[in-house]
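Chemist: Sharing a structure, written as structure tokens. Questions coming.
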Amino acid sequence: MSSETNQEVSELELKIQKSTQNGTRPREVLLVLSANKNVLLRLQAPGIPLNLAFDPKMVIFQGHPGINTTKLPPLTTKSQLLNWADTKGPIASVAELNDPESILLRLDQAPGSPSSCSLEPLMDMGHTLEWKPLTPASVRGCRLEGVPGHKEAHIVRVLPGTQDRPRTVTVKVELRCASGDPDAVLILQGPPYVSWLIDANHNMQIWTTGEYSFKIFPEKNIRGFVLPDTPQGLLGEARRLNASVVASFVELPLASVVSLQARSCGGGLQTSPAPVQTTPPKESCNQELLLSLIQPKCSEGVMTLVLKKDLISTLRCTITSLTFWDPSCQAEDRDEQFVLRSTYSSCGTEVTDNVVSNEVVINLLSSSSPQRKKVHCIDMEGLSFQLGLYLSPHFLQASNTIELGQQGFVQVSMSPSTPELMLQLDSCQLDLGPDADTVELIQSQVAKGSCVSLLSPGPGGDMRFSFLLRGYMVPTPTTGTLSCTITLRPRTWSLEVHRTISMRLNIVSPGLPDKGLVLPAVLGITFGAFLIGALLTAALWYIYSHTRPPGKREPVVAVAAPASSESSSTNHSIGSTQSTPCSTSSMA
């Protein structure tokens, strides 16, 4: 990183961030800082093993615990600096900044190591690098001859970058006006892929390319216009908008935030010496933005709409009445807001499949006809969400135990199933406790790594995915918490509701005698015991049936001989004993 400054000694605030969202320990980072003027460095790098290379003759750094330092050798050219850095390892990113005041470097957003490194002017590094110049940009102004009145124009032109990707530029406008809002127009011109987020402390006319929105209504995008892309063309556009003074004109490279400040309104430059009397523009209510504020919420059987009066005043609107579809349901006029309430069974409210619907009617002072808007909200109290772990892709038997090295199948379901509502799986993670890294499974609806797979939804639209739990961990976890963040979206209107659901898991290790048994092991042991018992029974029956003589056995005769003789025999039977499978003995 190279820094150029215009003062003898400048203070530079450098902050380095490294994401730990993947649960991995950050690797050691070498940061090379080269300056052509004296710089007093204020460095923050929390939790990052950093090695800072700099020239102590140019960079004043008091040191920081946990940060190693390396002295740069005498290097006079950019190529020498890059060649020296290349000997220490692959170069992830290079930036050359002119007169920076503060720098924010996000290491997790840096691109992969390139095969070659060449500096490109006005390179768009996205969120990897953000910086603020020490000196403000050059601002010019002029008077537009022949245009009467006191209307002033503020023009900001953002130059194209090297990459045509969507970007949002925040424009902060701070005007110090003694008497109300100024008669002014803000002209913002940039590449077609740039949109604008406007944060202004006064009301003024907006004229932009692309799309723009206001900070107080960031979700509401308004389409802009096609504007000239040259300074002279933009001055002509200001004249066409009846601006007599260009109070500020600035051209900037592609930036994330542009701050425009003016110490006065309308008095910075001389306007026409004899202004012509004109009819003041009629203040009109921005009905489109007003309707975008109509977003009721549903809770405990009540639909509630709250409108803050300061926002209504900002839009130059005056509300004479605010009701639901039933005109008898009027809004309450409280100190700082209007509150419109209705139960699910009154004021024309309808409930279908946990979707609550009604219509809001607004009467404005500036309009002869009322404004109507269909409104909806979700009855979340009538819905329940389930998170289940299964050990087979058939999703038949849920389990709360998983073995290290085993594949798990997860299902997120909602009941009752509502066709009007779509369930979306945003993120999932497995927390294995303070002594182990968190396992990120899904982030931004995308599977993390090759061990996680998004599966086709279930028959009822249930979201499913599978993951393979790592087989070896130190220390070995015994429990974990599986949590998922879901988004509920209606199919026919714009609204998002977020919920987080979780479940506790038992984690067992293979090969341990004292570990618990997972479901497949229990079923296997049970079936094995049954099979062994059946085989033993069959074997015993086989032995028995093949060792006895065929047919009925002859009686076995036992004769008791007299005491005086050793033995004798006779032809008549004195007694007999017979053994059968069903009896023990019989006497005759």
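Chemist: Residue by residue through the stretch 147-164, which ³J(HN,Hα) values in whole Hz follow from phi under the Karplus form 6.51 cos²θ - 1.76 cosθ + 1.60 (θ = phi - 60°), with glycine and proline marked x?
Modeler: The phi angles translate into 9, x, x, 10, 6, 10, 10, 10, 10, 10, 10, 9, 6, x, x, 8, 10, 8 Hz.
Chemist: OK, next. Of the listed peptides 167-174, 79-86, what is their order by residue-averaged count of other C-beta atoms within 10 Å, with the highest listed first?
Modeler: Working: 167-174: 17.8, 79-86: 15.1.
In decreasing order of mean packing, 167-174, 79-86 become 167-174, 79-86.
Chemist: Show me, bin by bin at 5 Å from 0, the whole-percent P(r) of the stretch 283-412 based on Cα pairs.
Modeler: Values per bin, smallest distances first: 2, 9, 17, 16, 12, 8, 6, 5, 5, 6, 6, 5, 2, 0.
Chemist: Among all the aspartates and glutamates, which ones have a C-alpha under 19 Å from Lys57's C-alpha, if same-chain residues fewer than 8 places away are not counted?
Modeler: In chain and number order, the partners are Glu4, Glu8, Glu11, Glu13, Asp99.
Chemist: Out of residues 5 or more away from Asp99 or on other chains, whose amide H comes under 5 Å of its own, with H placed 1.01 Å from N in the peptide plane?
Modeler: HN-HN under 5 Å from Asp99: Glu4, Thr5.
Chemist: Compute the length gained on full extension between Asp426 and Ser292: take 0.36 nm times their separation in residues and subtract their Cα-Cα distance, giving the result in nm to one decimal. Display every interim value, and only then the final one.
Modeler: Values: separation 134, 0.36 × 134 = 48.24 nm, distance 2.55 nm.
Separation in residues times 0.36 nm, less the Cα-Cα distance, equals 45.7 nm.
Chemist: Listed highest first by mean packing, meaning other Cβ atoms within 10 Å per residue, what order do 438-447, 491-500 come in? Intermediate results must be reported in sequence, preceding the final value.
Modeler: Details: 438-447: 16.4, 491-500: 11.6.
Descending mean neighbour count gives 438-447, 491-500.
Chemist: Now, a different point. If you take the Cα Rg of the stretch 318-373 and divide it by 2.2 N^0.38 Å, with N the number of residues, what do you get?
Modeler: On the way: Rg = 12.2 Å, N = 56, 2.2 N^0.38 = 10.2 Å.
Normalised Cα radius of gyration, the stretch 318-373: 1.21.
Chemist: Treating only the Cβ of Lys, Arg, Asp and Glu as charged (+1, +1, -1, -1), what charge dipole size does the stretch 274-402 show about its Cα centre? Round to the nearest 20 debye.
Modeler: The calculated dipole for the stretch 274-402 is roughly 380 debye.
Chemist: Right, next: Would you work out if the stretch 353-447 is rounded, prolate or oblate? Take a ≥ b ≥ c from the square roots of the eigenvalues of the alpha-carbon gyration tensor; rounded if a/c is under 1.5, else prolate when a/b is larger than b/c, oblate otherwise. Let's see the in-between values first.
Modeler: Working: a/c = 4.19, a/b = 2.50, b/c = 1.67.
Verdict is prolate for the stretch 353-447.
Chemist: If you don't mind, another one. What is the distance in Å between the Cα centroid of the stretch 300-332 and that of the stretch 187-249?
Modeler: 31 Å
Chemist: Express as a percent, rounded to the nearest 5, the fraction of DSSP beta bridges in the stretch 153-238 (both residues included) that run antiparallel.
Modeler: Values: 3 of 22 bridges.
Around 15 percent of the beta bridges assigned by DSSP in the stretch 153-238 are antiparallel ones.
Chemist: Go through Lys18/Lys71; Lys151/Lys309; Lys18/Lys172; Lys71/Lys448; Lys215/Lys373; Lys71/Lys172 and tell me which ones have a Cα-Cα distance over 32 Å in this structure. Working shown, then result.
Modeler: Values: Lys18/Lys71 24 Å; Lys151/Lys309 28 Å; Lys18/Lys172 28 Å; Lys71/Lys448 39 Å; Lys215/Lys373 23 Å; Lys71/Lys172 41 Å.
Violating the 32 Å Cα-Cα cut-off are Lys71/Lys448; Lys71/Lys172.
Each value in this text was obtained by applying a stated rule to the coordinates, not by laboratory testing. Values in this document were obtained by computation on a predicted structure and should not be read as measured data. Here the Cβ is made from the backbone with ideal geometry for all residues, glycine too, and neighbour counts use every protein chain on show.
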